[in-house]
Amino acid sequence: MTDSSVADVDANALLDEANSTSENQGEPKFTLELNQDQKDIREWVHGFAEGVVRPAAEEWDEREETPWPVIQEAAKIGLYSFEAVGQFWADETGLTLPIANEELFWGDAGIGMAIMGTTLAVAAIFGQGTPEQMGEWIPQCFGTPDDVKLGAFCASEPDAGSDVSGIRTSAKYDEAKDEWVLNGQKAWATNGGIANVHVIIASVDRELGSRGHAAFIIPPGTPGCEQGAKVKKHGLRASHTADVHLDDCRVPGSCLLGGKEKLDERLARVREGKKAKSQAAMQTFEASRPTVGAQALGIARAAYEYALEYAKEREQFGKKIVENQAIAFDLANMKLEIDAARLLVWRAAWMGRNGHKFENAEGSMSKLKAGEVAVWVTERAIQILGGNGYTREFPVERMHRDSKIYTIFEGTSEIQRLVISRAISGFHIK
Ligand SMILES: Cc1cc2nc3c(=O)[nH]c(=O)nc-3n(C[C@H](O)[C@H](O)[C@H](O)COP(=O)(O)OP(=O)(O)OC[C@H]3O[C@@H](n4cnc5c(N)ncnc54)[C@H](O)[C@@H]3O)c2cc1C
C-alpha cells in the first residue's frame, strides 16, 4: 500500500464516520446533487422555456408589450400560479426557486419577468401579511388560467430609488371610516397600472424615514390608483414598467399588511428609540435577492451556450474560431464566472430558506455577482459572434440589453457593495 492510498483509506473512513454521525443526529449530509423533485421541476420549467418562451422572445421584445398569451400558457400548465411558487418555496434546501427562475430566464428574460414580476408583490404579501391577507390577496395576484392577473410591487419613486427613506407617498389613517388614504407617485413599477393587485410602500410617519414605512394592498379597481407613463426601455421590453399615481386613493383598514396593531407597536418602539425589525421595502428585497440573481444567471447561461455553439461552428483563417485561445479562454471564463455566481446564489437561497441571518450580506453578494456576470458574459457573447452578435438577427444582443437591469434594480451594484461593506466592517460606510 502506498502512502497516498493510506491517506485515501483514512479520508474515506473519516468521511463515513462524519456522514454516519450527522445521519445519527438527523442532519442531512452536505450535497450539491439535486434531488429528483428538483430535477423534475428544472426539466419542466426548461421544457416550457425552450418550447414556448424562446420562440416568442423576439416578437415580444420588438412589440414591447406584455405577452399575455404566454403568461396564459404558463398559467395553463400551472407554472404561473401560487401553487407553483408555493411548491418552489416549500423546498427546504431553498434551491428550487432559483433553479426554476434560472431555467425560465434562460428562455427569455423579458417574458420571464412578465411571468415572474408578480412574485415581488407576492413576496411582500407573504413576508408581511397576516394569514388572512395572504389567503385573500395572493390568489388575486395570479387570477385563473382563463383570466390571468398580475401583481405589482411599488416602492421606488422619482426621487427615491436607492434611497428608499426618501419615499414621499403618504398613507394617512381615517379613523372614522377605518380607511387608509394614499397619495403620491410610484416610479418604474413592474406591472404598474396593469396589475390586479398593487402593493404600495408608503410613509405613515415621514419623520421616521424608512422606519416609518408600511405596505398596503390596493385592491383591483380602487379609485385613485392610476397608471402613469409607461416606460420605454433598453431591455426586458416584454415586461411592462410604468409609473403609478395615487390620488386620494382610499383602501379599507384591512389593506395594511400585517395589521394596524402590529404597525402601531412597531412605530411606538421606533419612537422610543428602540430597534425595530427591518423596513417594509427592505424585507421584500432581502428575500428576493438570490432569486433575482438566478434570473441573471439564466440570461448569462443562455448567452454563453449560444456563443459556445457559434464558436464551434464559425470558421475564420481556415479553422473554427474556438480553436483560438483568445476565444476559448473567454468561453472558459464565462463558464467559470457563471458557475461561481450560481454557488453564491444557491448559498444565499439556502441560507434565506433556512433562517440563517445574512451576516455578511450573502443575499447582496449573490445578486451583485450574478448581475455583473450576466452583463459581462452577454457582452463577451456579442464579441464572440462578431458582427452577427451586434445585430437583432441573433439573440445575444437582446440578452445583453436584458442583462443590464440586473446591476440596477433591486439595489444597484453600488448599493450591494455598500450593504456588503457595512456588514463585513461594522462601519457605516457611505
Ligand atoms: C425595468 C425596471 C423595473 C423596475 N421594477 C421595479 C419594481 O417593480 N418596483 C420598484 O419599486 N422599483 C422598480 N424599479 C426601480 C429600481 O429598483 C430603481 O431604479 C433602482 O433601485 C435604482 O434607483 P434609481 O433608478 O433612482 O437610481 P439612483 O438611486 O438615483 O442611483 C443612481 C446611481 O447612483 C448610485 N448611487 C446612489 N446612491 C449611492 C451611494 N450611496 N453610494 C454609491 N452610489 C450610489 C447608484 O448605484 C446608481 O449608479 C425598476 C426599475 C427598472 C428600470
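None of the figures in this text is laboratory data; all of them are computed from the coordinates on show. Because the structure is predicted, anything quoted here is derived from the model rather than measured. All Cβ positions, glycine included, derive from the backbone under ideal geometry; neighbour counts span all protein chains shown.
Some points to look at:
- Going from the fewest other Cβ atoms within 10 Å to the most, the residues Ser364, Ser203, Ser165 appear in the order Ser165, Ser203, Ser364.
- Coordinate range along principal axes, alpha carbons of the chain, Å, largest first: 83, 56, 45
- Separation of alpha-carbon centers, the range 75-104 and the range 372-419, rounded to whole Å: 25
- Separation of the range 178-228 from the range 139-165 is 10 Å, based on Cα centroids.
- Here the ratio of the Cα radius of gyration of the range 18-144 to 2.2 N^0.38 Å is 1.23.
- Between helix 280-313 and the chain: long-axis angle, C-alpha atoms, 0 to 90°, nearest 10: 30
- Comparing Phe30, Phe317, Phe88 in a Gaussian network model of the chain, where Cα atoms under 10 Å apart are tied by springs, the biggest mean-square fluctuation is seen for Phe30.
- Sum of -39500 (n - 2.57) over DSSP H runs of 4+, divided by residues of the chain (222 nm, nearest 500): -17500 deg cm²/dmol
- Relative contact order, whole percent, for the chain stands at 15, derived from Cα pairs under 8 Å and 6 or more residues apart.
- For the listed residue pairs Lys177/Lys262; Lys39/Lys404; Lys230/Lys430; Lys260/Lys430; Lys39/Lys76, the alpha carbons are over 23 angstrom apart in Lys39/Lys404; Lys230/Lys430; Lys260/Lys430.
- Net charge dipole, the chain: roughly 1340 debye, given to the nearest 20, about the Cα centre with Cβ charges of +1 for Lys and Arg and -1 for Asp and Glu.
- Of the residues Ala215, His198, Tyr306, the one whose Cα sits farthest towards the positive end of the charge dipole of the range 178-306 is Tyr306 (charges of +1 on Lys and Arg Cβ, -1 on Asp and Glu Cβ, taken about the Cα centre).
- Packing-based exposure ordering (other Cβ within 10 Å, fewest first) of Trp60, Trp180: Trp60, Trp180
- The residue list Ile424, Gln325, Leu150 was ranked by how far each Cα lies along the charge dipole of the chain toward its positive end, using unit charges on Cβ atoms, and Ile424 comes out on top.
- Percentage, to the nearest whole number, of Cα pairs in the range 197-322 over 24 Å apart: 54
- Charged-residue dipole, Cβ positions (Lys, Arg, Asp, Glu), the range 80-215 about Cα centre, Debye nearest 20: 400
- Residue (of Leu344, Ser413, Pro395) at the positive-pole extreme of the range 329-413, dipole from beta-carbon charges: Leu344
- For the range 311-380, the number of Lys pairs separated by eight or more positions or lying on different chains, with C-alpha atoms closer than 18 Å, is 5.
- Computed over the alpha-carbon atoms, the range 153-228 gives an Rg to Rh ratio of 0.95, Rh here being the Kirkwood radius from the mean inverse distance.
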